[in-house]
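The block underneath contains the structure these notes are about, expressed in structure tokens.
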Amino acid sequence: MTVLTDSAAGRLHDYLTQVRVALAAHPDVSSEEVTADVQEHIDTEFAHVNRPVTLEELEAVLARLGPPNQWANVGVNSQAFTNGVAPFDGKEFLRELRRKSRGVLATLWRGPEDWRLPYLTFGLTLLAPVTLGFTLLLAYLLGRATVELAHEKGQPLGARRWLVYPAILIVNGSLLFGLLFGPALIAGNYAGLEFNHAIRSERDGWPTGERIAKTRAQYDAMRKASTLPMPDADRAYYERILAVPRQMHVTSDSGGEMVFAVLAAIGPLAVWWAILGLVMWSFPKLVTTIFHPLLDGYDWLHGLRLATCSGIVFVIWAGTAQRIW
């Protein structure tokens, strides 16, 4: 074995250590064999030297060998370049891809937990469309665990939030949207159906049976089966529905349906928001627990303001609806 000076021996030790680190993510490549090849090359270079090799002489040889991280590609095809471009080898490419994939999985499995959980969270989020959303809930739970872990350690998430927040935003955002606007969508859809029933009844001479016919086919069948006029109470109910958009000078059926659906949804939405506001006012910690970390700035005043404003909107809506209907 080549005799080195102390500084040269320290430099070679650092170089070989860096080679082992570069090969740690490549289980198919033996770091011991690579370091042995490097040592053998150095011994060959200085076989004729009968004195300790200096640091400068060793550096010249290491420069020709290349940086330590290049040994991670030791399994890549080393065929000669043609016009500066190496020929493509599909089998070698697949082997290298498998090595790198195993290296990434090994890093995720054995790596530091502070980054392992965010990477797993992001990976499960990307798989959600393929799994019909089943992995999204698991990604959400891992994301919340990552946030709590960082909070316990007193560390900011920093760049990790880009991996963690997508799952949290999708789940919490969907839940928040459903809580805020779900009743309005239901009420608006029902109001739109009632408006369409009123339009068809007026055009077809107010036949009976329309109130329980929820499809066009059912309606046509019941209209043909009965020519009796619609009861006065039902007809008055539908005429009041049709009067709302006409009083606002909306003449088209589609525009009238939209206007009536929006006006009909405002009342239930205001009532629902008032109830939500009271619950949020009474249990402020419930909001921050469910929607952490998105609504961490929430306090009980937000719930009280929501309930108060919604109550005012409902009173205005009720007075307007009484005058119109």
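The values are calculated or read from the model by the stated rules, or taken from the named source; none is laboratory data. Here the structure is a predicted model, which is why all the values come from computation and not from measurement. Using ideal geometry, Cβ is built from the backbone for each residue, glycine included, and neighbour counts are taken over all protein chains shown.
Residues that are modelled with pLDDT under 80 number at least 1 in the following helices (runs of 4 or more DSSP H) confined to the stretch 219-325: 232-247, 253-282, 300-324.
Given the criteria over 16 Å from P67 (Cβ atoms), aliphatic (A, V, I, L, M) and loosely packed, with under 14 Cβ neighbours inside 10 Å, does A9 qualify? Full working, then the answer.
Numbers: over 16 Å from P67 (Cβ atoms): yes; aliphatic (A, V, I, L, M): yes; loosely packed, with under 14 Cβ neighbours inside 10 Å: no.
No, not satisfied.
Just checking, does the stretch 282-301 include any residue being more than 30 Å from P156 (Cβ to Cβ), surrounded by 16 or more Cβ atoms within 10 Å (Cβ to Cβ) and under 30 Å from the mean Cα position of the chain (by Cα)? Looking for residues that are more than 30 Å from P156 (Cβ to Cβ), surrounded by 16 or more Cβ atoms within 10 Å (Cβ to Cβ) and under 30 Å from the mean Cα position of the chain (by Cα), one finds none in the stretch 282-301, hence no.
Among (1) part of a loop (DSSP other than H, G, I, E, B); (2) surrounded by 14 or more Cβ atoms within 10 Å (Cβ to Cβ); (3) modelled with pLDDT under 70, which single condition is A80 missing? Checking A80 against (1) part of a loop (DSSP other than H, G, I, E, B); (2) surrounded by 14 or more Cβ atoms within 10 Å (Cβ to Cβ); (3) modelled with pLDDT under 70, the one that fails is (2). When we screen G182, G143 for residues that are touching a helix residue (DSSP H, G or I) at 6+ places or on another chain (Cβ under 9 Å), surrounded by fewer than 14 Cβ atoms within 10 Å (Cβ to Cβ), modelled with pLDDT of 85 or more and under 30 Å from L306 (Cα atoms), the only hit is G182.
Do you know which of the residues in the stretch 158-170 that are crowded, with 19+ Cβ neighbours inside 10 Å and touching a residue at least 24 places away in the same chain (Cβ under 8 Å) is nearest to V287 (Cα to Cα)?
Per the stated criteria, the residue is I168.
Kindly provide the set of residues from the stretch 1-23 that are under 14 Å from T35 (Cβ atoms) and assigned to a helix (DSSP H, G or I), ordered by number. Spell out how you get there, then give the answer.
Just the residues of the stretch 1-23 that are under 14 Å from T35 (Cβ atoms), to begin with: 1, 12-23.
Within the stretch 1-23, L12, H13, D14, Y15, L16, T17, Q18, V19, R20, V21, A22, L23 qualify.
With respect to V262, determine if the residue is within 20 Å of I186 (Cβ to Cβ), β-branched (V, I, T) and out of contact with any strand residue (DSSP E or B) (no Cβ under 8 Å at 6 or more places or on another chain).
Details: within 20 Å of I186 (Cβ to Cβ): yes; β-branched (V, I, T): yes; out of contact with any strand residue (DSSP E or B) (no Cβ under 8 Å at 6 or more places or on another chain): yes.
Yes.
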